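Input: a single structure, listed below in structure tokens.
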Amino acid sequence: MFQSFSNSWQLAKASWAVLRANKQLMWFPVLSAISMIIVAILFLTPVAILTGILSMLSGQSDGTGSDIIGYILLFVMYLVSYSIGIFFNTALVGSALEYMDGGTPTVSSGIALARSKIGLVVGYALISATVGVILNMIRDRGGIVASIASSLIGMAWNLATFLVVPILAVNDISPVDAVKQSASLFKRTWGEQVTGNFSIGAIVGLGIFAIILVGSLLIGLLAATESGLLIMVGILAVVGAVLVLATISSAMDGIYRAALYRYAETGELPSDFDIQMIQNAFKPKKKKNSIL
């Protein structure tokens, strides 16, 4: 556990060094979040209302028709959200790779790259949305065994597709071929029987937990003043700190994936990263079952 934490901390430091030299990379998660909010207001809210109506109707029928419509709506929701996320992740990872190649990426150059890959982005979003709906169907149709199976398949899928976005950012290949290449590179570099190590997200998660804990204590103290303004300021400060840390985490995750892809594809180590932290990004599974 300590070794996993230590390696993740080193990866976080290396990714932070790249982000600190390219602060504009933080704009991509921000733009992604703004786009998601706009889509949620214009699309997801009506979908949620329609889903609620279908749920009420399902109580008056066998539920088959409403279930099908529900899965269709879920697919559309996944497709839209995945398209947005993959688009800006492609811009982020592509910019990180450009910096690792000695270039000077900008927000506009990253967006231009993602726009040039829009067909591939939507294609991969279609695949991801399909897998997401299938996993939900497995989970909804069965008991605990189906739920566990869905989780295991999802974990395997996440590992197999870990390098898809960097591959799409660099190559002009189909999303299906990108998935195959990602699984092949992953298997060649880290082996078949692996699992995710303690991640950058977990490191940042600890930071967010600390912010919420300290913030809750602070808001509790401010509540004693019975000042609505001070309480509101305290809440906004905590929410703002969490959002900033989440933005940094998202940007660092893109840099991390770019670095791992560069090593898996070429064997070259980006500056600020060393061989041990890259090779230890994933650890061998104790069980003998293959995940890829």
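Quickly run through region 104-118 and pick out the residues that are touching a residue at least 60 places away in the same chain (Cβ under 8 Å) and either at positive phi or touching a Gly at 6+ places or on another chain (Cβ under 7 Å) (or both). Hit for region 104-118 is 110, nothing else.
The listed residues are 150, 95, 55, 66, and the only one of them that is among the hydroxyl-bearing types (Ser, Thr, Tyr), in a helix (DSSP H, G or I) and modelled with pLDDT of 90 or more turns out to be 95.
In the condition set (1) touching a residue at least 60 places away in the same chain (Cβ under 8 Å); (2) in contact with a Leu (Cβ under 7 Å, 6 or more places away or on another chain), residue 125 is compliant with all but (1). Considering region 76-134 alone, what residues qualify as being among the hydroxyl-bearing types (Ser, Thr, Tyr) and more than 30 Å from residue 153 (Cβ to Cβ)? Selection gives 95, 99, 104, 106, 108, 109, 116.
The numbered conditions (1) loosely packed, with under 14 Cβ neighbours inside 10 Å; (2) of a type in the set (S, T, N, Q); (3) within 30 Å of residue 71 (Cβ to Cβ) are all true for residue 150 except (1). Set side by side, the residues 163, 159, 168, 185 differ, and just one is surrounded by 18 or more Cβ atoms within 10 Å (Cβ to Cβ), hydrophobic (A, V, I, L, M, F, W, C), over 19 Å from the mean Cα position of the chain (by Cα) and under 28 Å from residue 98 (Cβ atoms), which is 185.
Scanning region 102-133 for residues that are exposed (fewer than 15 other Cβ atoms within 10 Å of the Cβ) and under 24 Å from residue 177 (Cα atoms) turns up 112, 115, 116, 118, 119, 130. Filtering region 221-236 to residues that are over 33 Å from the mean Cα position of the chain (by Cα) and assigned to a helix (DSSP H, G or I) leaves 221, 222, 223, 228, 229, 230.
The values are calculated or read from the model by the stated rules, or taken from the named source; none is laboratory data. Note that the structure is a prediction, hence the values are computed from the model and not measured. All Cβ positions, even for glycine, are placed from backbone atoms using ideal geometry, and neighbour counts span all protein chains on display.
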